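What follows is a single structure, written as structure tokens, with notes after it.
Bear in mind these aren't lab numbers, they're just calculated from the coordinates by the rules spelled out. All values reported here derive from a predicted model rather than from experimental measurement. Neighbour counts are summed over all protein chains in view; Cβ atoms, including those assigned to glycine, are modelled from backbone coordinates with ideal geometry.
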Amino acid sequence: MDVITVGSQRFTVGRATAADVPLIVGLLRDDPLGATRESEGAAGYDRAFDAIDADPNQLLAVVRDDAKVVVGTLQLTFVPGLSRGGALRVLIEAVRVAGPERGRGLGTAMMAWAHDRARARGAVVAQLTSHASRTAAHTFYERLGYDPSHVGMKLRL
């Protein structure tokens, strides 16, 4: 477990466990998009967690406050590729901070932790996607140095 500090508050960051899945889903549901596409108790979440947890290129992390309450989550996916001379990339997805902690610096600290983890693993590029409607998130990521250099597209299968 790692420790991140925001002001005088300390948080621990570590690999999620199966017991954390409902808490993570709760964080995913706590926004306008997630409220319409996530559901409580869906069996698919447990299957997805098992696949993520078994894959060495995945890290589903949770952030806990000093009372051990889950207040944040994010998922790192390490993507080997041939471009950039065979560089390793990290895809950072599903970044969520609990409502009471938003706007206090925890998201910035979580992203710094993710970047440090990725560098330690040898990644040379961090990338992410953010729904077009999440303009506040775009501002946040640009403030961290992310460049909106690409257009992402999705196809529902």
- Relative contact order for the stretch 8-157, counting Cα pairs under 8 Å that sit 6 or more residues apart, in percent: 18
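How high is the FRET efficiency from Ala43 to Leu155, r the C-beta distance, R0 30 Å, rounded to 0.05?
Details: r = 24 Å, r/R0 = 0.81.
Efficiency for this residue pair is about 0.80.
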- Item | Prolate/oblate/rounded call for the stretch 80-157, Cα gyration tensor, a/c under 1.5 rounded | oblate
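Order of 3-13, 60-70 by packing, highest average Cβ count within 10 Å first?
60-70, 3-13
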- Note on the structure: A student asked for the Cα radius of gyration and Dmax of the chain in angstrom ought to give 15.5, 46
- Note on the structure: Rounded to the nearest 500, the 222 nm mean residue ellipticity computed for the chain from DSSP H runs (n ≥ 4, each -39500 (n - 2.57)) alone is -10000 deg cm²/dmol
- Message: Under 17 Å from a point placed 7 Å out from the Cα of Arg29 along the Cα-to-Cβ direction: which residues of the stretch 86-117 have their backbone N that close?
- Response: 96-100
- Message: If you average the C-alpha positions of the stretch 90-143 and of the stretch 30-59 separately, how far apart do those two centres end up, in angstrom?
- Response: 18
- Quick one: length gained pulling Thr17 to Arg84 fully straight, 0.36 nm per residue minus the C-alpha distance? 20.7 nm
